[in-house]
Amino acid sequence: MGKPEKNGAAEPKSEGAKTFWQLVKFILVSLIAFAVQIVTVNLFKIVLSGKIGEITGFFAVIFSERAMGRGNTNWGYVLAFFLSNLIANIVGYFINRKKTFNSDTNLKSSLSVYFAVLLTLIVFNSWFQGVVANWVDIAAASLGGGFGSMLGKSDATIAAMAAGIIQTIVLFPLEKFVLLKEKKENNHAPGEREKEELT
């Protein structure tokens, strides 16, 4: 019996293997976005914190002093987390669209849905980061000394790391299965492809 002929085409990866490598790429892109977030959150915290008015009304219940810590219930403090999250996620979205998921979905429609989900997630994470930063500050104060001082200065960074884990859990399946579906392979025969190109 003769050996079966090979058509020279590489066998497609299993869906599980493809998803695994997409997750690896997504995490690497998330590290880039995280670096952007760390730089911007610490910069915004210096520039904005305590320099914009106190939070009032409905948001005062969410961003309360008990959750955020004494002196942190102002828009400058919250906006530092909000804006850094927004910038980092926009950077991650565009890199993942081209490099991780190889997506050709309509940019306008996918981006509008992404922003709607992202704004909800960022509002939650802005609150969550404030809470985590407050916990870190409390722990730093109780520890005291050089380590406590160093820990206190890292509160925004630690809070951003915690938020990044949550965002990865939420955004990876959302982008892969809903917003940034992979390009479909063109399986037409060469003659059919030529006809399509001429029409």
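What tally of residues in region 37-52 results from selecting those that are farther than 18 Å from Val123 by Cβ and surrounded by fewer than 17 Cβ atoms within 10 Å (Cβ to Cβ)?
Qualifying residue count for the region: 6.
Out of (1) surrounded by 15 or more Cβ atoms within 10 Å (Cβ to Cβ); (2) modelled with pLDDT under 75, what's the single condition that is false for Ala160?
Of everything listed in (1) surrounded by 15 or more Cβ atoms within 10 Å (Cβ to Cβ); (2) modelled with pLDDT under 75, Ala160 misses just condition (2).
Out of the residues in region 13-57 that are among the hydroxyl-bearing types (Ser, Thr, Tyr) and either in contact with a helix residue (DSSP H, G or I) (Cβ under 6 Å, 6 or more places away or on another chain) or in contact (Cβ under 8 Å) with a residue 24 or more places away in the chain (or both), state the one that is nearest to Phe82 (Cα to Cα).
Across region 13-57, the extreme among qualifying residues is Thr40.
The values are calculated or read from the model by the stated rules, or taken from the named source; none is laboratory data. Please read all numbers here as calculations on a predicted model, not as lab measurements. All Cβ positions, glycine included, derive from the backbone under ideal geometry; neighbour counts span all protein chains shown.
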